[in-house]
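Participant: First the structure, then my questions, so here it is.
The values are calculated or read from the model by the stated rules, or taken from the named source; none is laboratory data. Owing to the predicted nature of the structure, the values given are computational and were not obtained by experimental measurement. Here the Cβ is made from the backbone with ideal geometry for all residues, glycine too, and neighbour counts use every protein chain on show.
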């Protein structure tokens with residue numbers, strides 16, 4: 001349903017995302033993992049055709065039968081919100097402060113010609129009820145600042161699923177929320193996904209969240225896909241040195257006996273990436289060759305880009 | 001909410017009272033003998049004494065001050081010294097020019113300023129933006145009265161499309177009266193539109209970088225739909241705060257422009273009153289202007305609270 | 001070359017400013033004719049080799065009057081901004097030092113009150129009392145400028161006072177006055193210069209308006225606003241009279257506005273939008 005081939009994004013000639021290819025089937029969830037600056041959000045914005053000014057995408061993005069790259073904005077507008085929708089990280093700032101929540105949810109329905117304004121207002125209330133907002137009829141007339149953070153994120157979800165899109169992109173939808181709220185929102189997203197059969201791209205830096213949500217995971221670092229495969233393999237039997245590093249840096253709950261091993265070094269500046277593997281400078285296996293030549297793709301239980309590591313055999 | 005309003009109202013009344021007191025002091029107490037000042041050096045002592053009696057200057061200042069203030073409610077503001085008619089009547093009559101002129105200019109300034117500012121922000125750093133911003137620099141630099149003179153030169157003296165000045169009154173032919181106000185209103189609106197355009201551009205640019213703009217785009221709204229439905233209101237809320245200040249410049253501008261176009265408005269009356277040392281008239285006119293400026297600022301402050309839902313008090 | 005000159009606003013502003021300043025300085029030593037000399041035989045002449053920009057209704061040389069007018073305009077701006085700057089900064093810093101206390105409240109409220117009077121009306125009040133004239137007009141404009149500077153100075157001072165190094169300086173035993181002089185003043189100077197440039201432009205416009213209305217500069221002193229008033233009477237017969245003084249005002253105001261914008265960008269890179 002969604003197919004990315006060799007998607008690259010660059011800013012003023014500097015690559016921020018390199019040759020990303022992936023496929024997504026209806027009902028499937030892909031987890032995009034990576035630290036900030038790894039290119040996760042750029043992937044999402046490139047999909048939506050909403051890259052900030054100055055960023056240029058190349059390669060191919062096919063949604064169904066439509067090639068999205070190079071499509072005119074007017075045509076993209078017909079797809080955005082209708083075929084593909086997006087939930088953003090910051091529920092505090094992602095809602096318009098001067099419009100009521102109900103109006104913002106109903107807006108897409110009217111815009112895409114699905115409903116008349118009056119019907120859309122009623123549908124907005126139903127959607128708000130669906131996402132678990134209490135007293136939806138009254139909440140629909142509230143302004144965003146009158147809602148709590150969790151409620152706002154529920155409203156964002158209602159807005160995104162309003163037109164029953166085939167693809168939902170969730171960019172760190174729970175990162176700004178308390179842990180207890182995170183669980184609720186994740187459960188809600190899973191429920192809605194199973195109910196509607198939409199495909200989902202779930203972006204997070206948190207491996208446990210990816211584990212809970214995604215069928216397949218893709219680990220990004222410095223704009224390059226490090227490792228990808230079924231979530232249980234990527235997390236259970238990581239082969240790429242970076243994925244292993246990520247796993248080792250996660251606390252497992254036994255604070256007394258466990259020794260956390262952070263990955264040495266820092267995330268490289270995107271404007272000064274080496275031509276080869278972006279992880280080369282921090283990798284235990286890294287050498288001069290790594291930094292200069294793009295790593296080859298090796299496939300097994302998972303697929304990975306690395307000069308040295310081999311995936312576990314399938 | 002009620003307490004907030006009462007506090008605001010009290011502050012407003014105090015400011016107005018204080019303004020009146022300052023004007024009264026400057027124009028009626030500090031000159032020593034207003035009657036002598038009004039009549040000039042050639043007046044005989046008898047005639048000065050007669051005027052003093054007519055104005056009631058022998059009575060205590062506090063009484064005169066309160067009477068004057070009361071006059072704003074009863075309409076008894078005394079006789080103009082130069083025109084020999086009631087001041088209240090003069091003011092009322094002249095409002096028929098000044099009020100439509102200010103409103104017309106304000107409307108033009110807001111319409112052009114907001115449109116051009118939005119356009120410039122939408123085209124930020126491209127050619128249209130540079131052209132609009134260049135135009136606003138010129139608009140701020142050109143004195144409004146000179147622009148008025150140039151308009152007369154081109155459209156009245158040159159092309160003959162508009163009258164060079166004067167006002168036929170609303171009664172005979174409203175269309176003709178409107179035409180007489182159009183050129184001065186355009187001249188008056190020029191600097192206002194320029195500064196509104198600059199402010200709108202900067203608040204619009206700020207608004208367009210907000211997260212909710214991306215949300216709106218993700219919903220499928222086009223750029224222009226996003227600007228109209230989501231950005232404009234947010235960008236205009238801060239513009240509203242400076243509209244009060246803009247209005248006070250606009251009011252000052254009417255004084256000048258009415259003189260350029262020989263319009264029988266309050267401003268021309270004021271300058272004529274100054275020429276004739278008509279302190280009685282000046283006093284009430286100045287207070288009228290200042291009170292209007294203060295009241296409009298207060299109203300704008302309140303409107304600000306209503307325009308931004310986050311500032312509305314007393315809602316669930 | 002200094003990169004400041006490459007900033008478009010600053011560069012153009014500085015260039016225009018040099019032009020106006022040059023005209024003003026030139027008028028001190030030389031004008032084509034005596035700007036006050038009347039020649040009844042040469043009234044309302046169009047531009048010629050003798051009178052480059054023509055003559056007015058008294059036969060005075062327009063070019064000479066415009067040159068001398070530049071001197072007048074710059075003087076007006078200088079004094080009006082000077083008054084606003086000196087009193088405004090002093091009051092603003094004082095209010096900031098006594099933040100939240102009665103003095104702060106009293107100073108800022110009274111300045112709000114002054115600000116509520118439109119500048120032209122403040123001027124009219126003062127001019128009615130003292131009589132029309134350039135000095136009174138300039139003082140009136142200066143008074144209107146005081147709250148503008150005071151608000152900025154107060155806000156900027158508060159910002160500086162909140163910095164850790166000020167607390168450190170105070171702890172090290174520096175007196176309040178010394179802190180003000182050594183730390184606050186240098187820190188707010190840039191901001192005040194930027195505001196000063198804008199207010200300079202405003203002062204020139206305001207004086208031109210007052211002189212146009214006949215209550216600013218009095219004859220025989222040449223003033224661009226006054227010249228426009230005269231020109232309007234002879235608009236049909238001698239339209240060129242209305243052009244030159246207006247251009248002169250516009251160029252001078254433009255110079256200071258552009259200079260202010262450019263300085264703001266150059267002094268504070270964060271405020272630059274590109």
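Per-residue answers, yes or no, for (1) facing chain B (nearest Cβ under 7 Å); (2) buried (at least 24 other Cβ atoms within 10 Å of the Cβ); (3) in contact (Cβ under 8 Å) with a residue 24 or more places away in the chain:
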site: C:224; (1), (2), (3): no, yes, yes
site: C:232; (1), (2), (3): yes, no, no
site: C:239; (1), (2), (3): yes, no, no
site: C:244; (1), (2), (3): no, no, yes
site: C:256; (1), (2), (3): no, yes, yes
site: C:261; (1), (2), (3): no, no, yes
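Participant: So, in region C:25-50, of the ones that are more than 21 Å from residue C:239 (Cα to Cα) and outside any loop (DSSP other than H, G, I, E, B), which residue ends up modelled with the highest pLDDT?
Facilitator: Once the filter is applied, the top-ranked residue is C:25.
Participant: Could you name every one of the helices (runs of 4 or more DSSP H) located completely within region B:82-154 that has at least 1 residues being outside the structural domain of residue B:39 (by TED's automatic domain parsing), modelled with pLDDT of 95 or more and closer than 23 Å to residue B:175 by Cβ?
Facilitator: The helices (runs of 4 or more DSSP H) meeting that bar are B:87-122.
Participant: Oh, and also: Is it true that some residue in region C:107-121 is away from chain B (no Cβ under 14 Å) and on the phi < 0 side of the Ramachandran plot?
Facilitator: Yes, some residue in region C:107-121 is away from chain B (no Cβ under 14 Å) and on the phi < 0 side of the Ramachandran plot.
Participant: May I pose another question? Which ones in region A:86-104 are more than 7 Å from chain B (Cβ to nearest Cβ), part of a loop (DSSP other than H, G, I, E, B), more than 16 Å from the chain's Cα centre (by Cα) and crowded, with 21+ Cβ neighbours inside 10 Å?
Facilitator: Across region A:86-104, there are no qualifying residues.
Participant: Exactly one condition in (1) surrounded by 23 or more Cβ atoms within 10 Å (Cβ to Cβ); (2) closer than 21 Å to residue C:193 by Cα; (3) more than 23 Å from the chain's Cα centre (by Cα) is false for residue C:141; which is it?
Facilitator: Failing condition for residue C:141: (3).
Participant: Can you pull out the residues in region A:51-67 that are part of a strand (DSSP E or B) and in contact (Cβ under 8 Å) with a residue 12 or more places away in the chain?
Facilitator: A:55, A:56, A:57, A:58, A:59, A:60, A:61, A:62, A:63, A:66
Participant: Looking at the structure I just gave you, is residue A:118 free of Cβ contacts under 8 Å to residues at least 24 places away in the same chain, surrounded by fewer than 17 Cβ atoms within 10 Å (Cβ to Cβ), away from chain B (no Cβ under 14 Å) and out of contact with any helix residue (DSSP H, G or I) (no Cβ under 7 Å at 6 or more places or on another chain)?
Facilitator: Yes, satisfied.
Participant: If residue A:70 satisfies all but one of (1) part of a loop (DSSP other than H, G, I, E, B); (2) not assigned by TED's automatic domain parsing to the domain that holds residue A:200, what's the number of the condition it fails?
Facilitator: (2)
Participant: Taking the stated definitions as given, is residue A:113 in a loop (DSSP other than H, G, I, E, B), more than 9 Å from chain B (Cβ to nearest Cβ) and farther than 19 Å from residue B:212 by Cβ? Give the derivation first.
Facilitator: Details: in a loop (DSSP other than H, G, I, E, B): yes; more than 9 Å from chain B (Cβ to nearest Cβ): yes; farther than 19 Å from residue B:212 by Cβ: yes.
Taking the combined requirement at face value, the residue satisfies it.
A quick yes/no check of all residues on (1) touching a residue at least 24 places away in the same chain (Cβ under 8 Å); (2) in contact with a helix residue (DSSP H, G or I) (Cβ under 7 Å, 6 or more places away or on another chain):
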| position | (1), (2) |
| --- | --- |
| B:94 | yes, yes |
| B:98 | yes, yes |
| B:102 | yes, yes |
| B:108 | yes, yes |
| B:119 | no, yes |
| B:135 | yes, no |
| B:147 | yes, yes |
| B:181 | yes, yes |
| B:191 | yes, yes |
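Participant: Tell me, which residue of region B:23-35 that is part of a helix (DSSP H, G or I), within 14 Å of chain C (Cβ to nearest Cβ) and in contact with a helix residue (DSSP H, G or I) (Cβ under 8 Å, 6 or more places away or on another chain) is surrounded by the most Cβ atoms within 10 Å (Cβ to Cβ)?
Facilitator: Pass one, region B:23-35, residues part of a helix (DSSP H, G or I): B:23-29, B:34-35.
Going one step further and asking which of them are within 14 Å of chain C (Cβ to nearest Cβ), we end up with B:23-29, B:34.
Then keep just the ones that are in contact with a helix residue (DSSP H, G or I) (Cβ under 8 Å, 6 or more places away or on another chain); that gives B:23-24, B:26-29, B:34.
Numbers: B:23: 23, B:24: 18, B:26: 17, B:27: 21, B:28: 19, B:29: 13, B:34: 21.
My answer is B:23.
Participant: Across region A:202-224, what is the number of residues that are in a strand (DSSP E or B), under 18 Å from residue A:169 (Cα atoms) and more than 13 Å from the chain's Cα centre (by Cα)?
Facilitator: Total meeting the criteria: 0.
Participant: Looking only at residues in region A:163-173 that are part of a loop (DSSP other than H, G, I, E, B) and touching a strand residue (DSSP E or B) at 6+ places or on another chain (Cβ under 8 Å), which one is nearest to the other protein chains (Cβ to nearest Cβ)?
Facilitator: Filtering first and then ranking leaves A:163.
Participant: Going by what's in this entry, would residue B:294 be described as within 9 Å of another protein chain (Cβ to nearest Cβ) and in contact (Cβ under 8 Å) with a residue 40 or more places away in the chain?
Facilitator: In short, yes.
Participant: Among the listed residues B:51, B:16, B:10, which satisfies the condition of being in a helix (DSSP H, G or I) and surrounded by fewer than 17 Cβ atoms within 10 Å (Cβ to Cβ)? I'd like the intermediate steps shown before the answer.
Facilitator: Working: B:51 fails: surrounded by fewer than 17 Cβ atoms within 10 Å (Cβ to Cβ); B:16 fails: surrounded by fewer than 17 Cβ atoms within 10 Å (Cβ to Cβ).
Just one listed residue meets the conditions, B:10.
Participant: Of C:219, C:186, which residue is more than 9 Å from chain B (Cβ to nearest Cβ), out of contact with any strand residue (DSSP E or B) (no Cβ under 7 Å at 6 or more places or on another chain), free of Cβ contacts under 8 Å to residues at least 60 places away in the same chain and not in a helix (DSSP H, G or I)?
Facilitator: Testing whether each residue is more than 9 Å from chain B (Cβ to nearest Cβ), out of contact with any strand residue (DSSP E or B) (no Cβ under 7 Å at 6 or more places or on another chain), free of Cβ contacts under 8 Å to residues at least 60 places away in the same chain and not in a helix (DSSP H, G or I) leaves just C:219.
Participant: Related question: Any idea which of (1) crowded, with 21+ Cβ neighbours inside 10 Å; (2) over 18 Å from residue A:48 (Cβ atoms) is the one residue A:148 doesn't satisfy?
Facilitator: Among (1) crowded, with 21+ Cβ neighbours inside 10 Å; (2) over 18 Å from residue A:48 (Cβ atoms), the lone unmet condition for residue A:148 is (1).
Participant: For the structure I just gave you, tell me whether residue B:243 is more than 10 Å from chain C (Cβ to nearest Cβ), surrounded by fewer than 18 Cβ atoms within 10 Å (Cβ to Cβ) and either within 24 Å of residue B:204 (Cβ to Cβ) or out of contact with any helix residue (DSSP H, G or I) (no Cβ under 6 Å at 6 or more places or on another chain) (or both).
Facilitator: no
Participant: Name the residue that is farthest from residue B:228 (Cα to Cα), counting only residues in region B:115-137 that are within 12 Å of chain C (Cβ to nearest Cβ) and surrounded by 17 or more Cβ atoms within 10 Å (Cβ to Cβ).
Facilitator: Here the answer is B:137.
Participant: Does residue A:156 satisfy being in contact with a strand residue (DSSP E or B) (Cβ under 7 Å, 6 or more places away or on another chain) and facing chain B (nearest Cβ under 10 Å)? I'd like the intermediate steps shown before the answer.
Facilitator: On the way: in contact with a strand residue (DSSP E or B) (Cβ under 7 Å, 6 or more places away or on another chain): yes; facing chain B (nearest Cβ under 10 Å): yes.
Yes; evaluated as a whole, the condition is true for this residue.
Participant: May I pose another question? Considering only residues that are in contact (Cβ under 8 Å) with a residue 40 or more places away in the chain and within 12 Å of another protein chain (Cβ to nearest Cβ), which ones fall in region B:1-16?
Facilitator: Selection gives B:12, B:15, B:16.
Participant: A further question follows. Specify the residue that is farthest from the other protein chains (Cβ to nearest Cβ); the eligible residues are those in region A:130-144 that are in a helix (DSSP H, G or I) and surrounded by 16 or more Cβ atoms within 10 Å (Cβ to Cβ).
Facilitator: Among those that are in a helix (DSSP H, G or I) and surrounded by 16 or more Cβ atoms within 10 Å (Cβ to Cβ), it is A:130.
Participant: A follow-up question, please. Just wondering, is there one or more residues in region C:192-210 that are within 12 Å of chain B (Cβ to nearest Cβ), in contact (Cβ under 8 Å) with a residue 12 or more places away in the chain and in a loop (DSSP other than H, G, I, E, B)?
Facilitator: Checking region C:192-210: not a single residue is within 12 Å of chain B (Cβ to nearest Cβ), in contact (Cβ under 8 Å) with a residue 12 or more places away in the chain and in a loop (DSSP other than H, G, I, E, B).
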